[in-house]
Amino acid sequence: MKKLACVNGKIVPLDKAVVSVLDYGLLYGFGVFETMRAYNNRVFKMEEHLGRLEKSCKKVGIKVNLNAVGNSVKKLLIANRLKNAYIRVTLTYGVGKPRLAFGRQKTTFIVIADSLPENLSVKQKRGVRAGFSRVRHYSGLLLNQIKSTNYLQTALRKKEARERRLDDVIILNEKNNVVEASTSNIFIVDKKDRLITPRLQDGCLPGITRKTVLQIARRLKIKTIEKTIKPKELLNAKEIFITNSIMEIIPVRQAEKKEFKKRAITRRLQAEYKRQTKQP
């Protein structure tokens, strides 16, 4: 079956889905996006994703119709005959005048949906290898608070991981504090079995899965802490894992040269997260 996409509310063949070469999303990376995951025809945490999308749009001045976004996501899943899927919603400023002169805005709105990565379950069980990135992060940037289409920093980090034969990299900010992984939030479990994740002020994205994992941990009576984490503390942890909406919860089996074999709390959180995704 030919794959389909949604461009400005219209379902079209994926290979015919186009936007203007003058779109500010293409020319300047002026856009925001959300990635979501569907389980058995239901998008998990859809309202929270749309809420974050709306906040991102307000921060950068992009108009959004949340009802149109939600309806397009549902229509595209049906059109592509996908029950379990990866979904990406992208909104850009649209076509503007040359040289960032802006002008009257008509938002460009794109939805794509596809099958999930084939190796996802393997990664969830086996874990990934990571190292500290050489590309530094700056904690005070507006881009830390939104999922921006300005993705050069992330692309460079993904490229770095591939060149170093790693699965991912762990990002440090200008103060040498742990921030996140290249496209995911990061958690550690310390020697006291406390679940710790970097605070938002250190520059990490306020992830929907990050928030969900913290909520799950509290219900499971696991003590949670949001605080600054130094590289040494991360390497001295009992467990490390990363999270995002597509991957869910992925253990880190090796950070730099240190291996992490204990996963008791990681497995508890993985099991409860999967249970929640099956709820109506």
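Worth pointing out:
- The C-alpha radius of gyration of the chain, expressed as a fraction of 2.2 N^0.38 Å, stands at 1.02.
- Angle in degrees between helix 66-79 and the longest Cα principal axis of the chain, rounded to the nearest 10: 90 degrees
- Centre-to-centre, using Cα atoms only, segment 232-280 and segment 63-134 are separated by 24 Å.
- The dipole here belongs to segment 192-280: it is taken about the Cα centre, uses +1 on the Cβ of Lys and Arg and -1 on the Cβ of Asp and Glu, and is about 400 debye.
- Extension gain, R134 to K192: 0.36 nm times the residue separation minus the Cα-Cα distance gives 17.8 nm.
- Taking the convex hull of the alpha carbon positions in segment 1-154 and averaging its projected area over all directions gives 11.0 nm².
- K106, K158, K45 arranged by Cβ crowding within 10 Å, fewest neighbours leading: K106, K158, K45
- Helix 46-60 vs. the chain, principal-axis angle (Cα, 0 to 90°, nearest 10): 70 degrees
- Between the helical axis of 152-163 and the longest alpha-carbon principal axis of the chain there is an angle of about 50 degrees.
- Rounded to two decimals, the Cα-based Rg/Rh of segment 121-277, with Kirkwood Rh, is 0.93.
- Sequence-separation-based contact order of segment 121-277, relative, with Cα cut under 8 Å and 6+ spacing, percent: 26 percent
- Cβ charges +1 (Lys, Arg) and -1 (Asp, Glu), total dipole of the chain, debye: 660 debye
- Phi angles of segment 90-96 translate, via the Karplus equation with coefficients 6.51, -1.76, 1.60 and θ = phi - 60°, into HN-Hα couplings of 10, 10, 10, 4, x, 7, x Hz per residue; Gly and Pro are given as x.
- Percentage relative contact order, the chain, counting C-alpha pairs under 8 Å, at least six apart: 17 percent
- Between Q105 and K59, residue separation times 0.36 nm minus the direct Cα-Cα distance comes to 15.0 nm.
- Phi angles of segment 110-120 translate, via the Karplus equation with coefficients 6.51, -1.76, 1.60 and θ = phi - 60°, into HN-Hα couplings of 10, 10, 10, 9, 8, 5, 6, x, 5, 8, 4 Hz per residue; Gly and Pro are given as x.
Readers should treat all values here as calculations from the given coordinates under stated rules, not as data from a laboratory. The model shown is predicted, which means the values in this text are computed figures rather than measured ones. Cβ coordinates were reconstructed from backbone atoms using ideal geometry, including for glycine residues, and neighbour counts include every protein chain displayed.
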